[in-house]
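What follows is one structure encoded as structure tokens, with my remarks underneath.
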Amino acid sequence: MPKPVRVLFVCLGNICRSPLAESIAKQKAKELAVSNTFHFESAGTGDWHIGGQADPRSSSIAEQHNLDLSQHSAQQVTHQNIHEWDYLVAMDHDNRLNLLAMGANSHQLLMMRQFEHQKNNITVIQDVPDPYYSGENGFEDVYHMLNINIESLLNHLLEERKLTNSK
Ligand code: 4NP
């Protein structure tokens, strides 16, 4: 069996956006019967929350959508571990710049919202905004942005894998 494609979702603190992205990706991969094809995790570029749980507002949105963040333990992406990942999916442009500064290469790097823009033929890729200082609505908006884009992300990765395996 080929090795799973390793995908890391990246935000700043790894307690709000990227843990949600990770759990949505796992749920969708299960629905598409491709769980064994992927290994998903999430991480922050900052170190403040290492070992901490998901933000309760993210956990609450997750629960409302049948997802469970109770086992989440925040981790950090660093220049030492960045090359362990086939893909890094940045939530916003600051995350992307931080990943580039850590030595990410352009083949690894994706933006979380690039897929809705490709579909709508819009050239500027928008951020998944940091909801940390927003109210509950910010978290619901983040969930919907992630949900729309992650299905396209999985299709994109499955297509790339087909191309790689056929070379
Ligand atoms: P996240 O949100 O990057 O989506 O996990 C944040 C969490 C914590 C902080 C900032 C953003 N913080 O400043 O501690």
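Hydrodynamic estimate: the Kirkwood radius of the stretch 111-153 over Cα pairs, inserted into Stokes-Einstein at 25 °C and 0.890 mPa s, corresponds to D of 226 µm²/s. Between the amide H of Ser42 and those of Phe9, distances stay under 5 Å, these residues lying 5 or more places away or on another chain, with hydrogens modeled in the peptide plane. The rule of thumb for compact globular proteins, 2.2 N^0.38 Å, goes into the C-alpha radius of gyration of the stretch 48-110 1.31 times.
Rounded to the nearest 500, the 222 nm mean residue ellipticity of the chain from helices alone is -13500 deg cm²/dmol, with -39,500 (n - 2.57) taken per DSSP H run of at least 4 residues.
Over the chain, what is the relative contact order in whole percent, taking alpha-carbon pairs under 8 Å and six or more residues apart? Kindly include the intermediate steps, with their values, before the conclusion.
On the way: 279 pairs, mean separation 41.8, N = 167.
Computed value for the chain: 25 percent relative contact order.
Close Lys pairs in the chain, defined as Cα atoms under 22 Å apart and 8 or more places apart or on different chains, number 10.
Send over the Kirkwood Rh of the chain, from the inverse of the averaged 1/r over different Cα pairs, rounded to one decimal Å. Present the calculation step by step, with values, prior to reporting the outcome.
Details: mean 1/r = 0.0627 Å⁻¹.
Roughly 15.9 Å, rounded to one decimal.
The distance separating the Cα centre of the stretch 71-129 from that of the stretch 137-167 comes to 12 Å.
Taken per residue, the accessible surface of the chain reaches 54 Å², heavy atoms only and a 1.4 Å probe.
The values are calculated or read from the model by the stated rules, or taken from the named source; none is laboratory data. Computed from a predicted model, the values in this text were never measured in an experiment. Areas reflect the complete protein model, heavy atoms only, side chains present, ligands, DNA and RNA absent. Shrake-Rupley method; radii C 1.70, N 1.55, O 1.52, S 1.80 Å.
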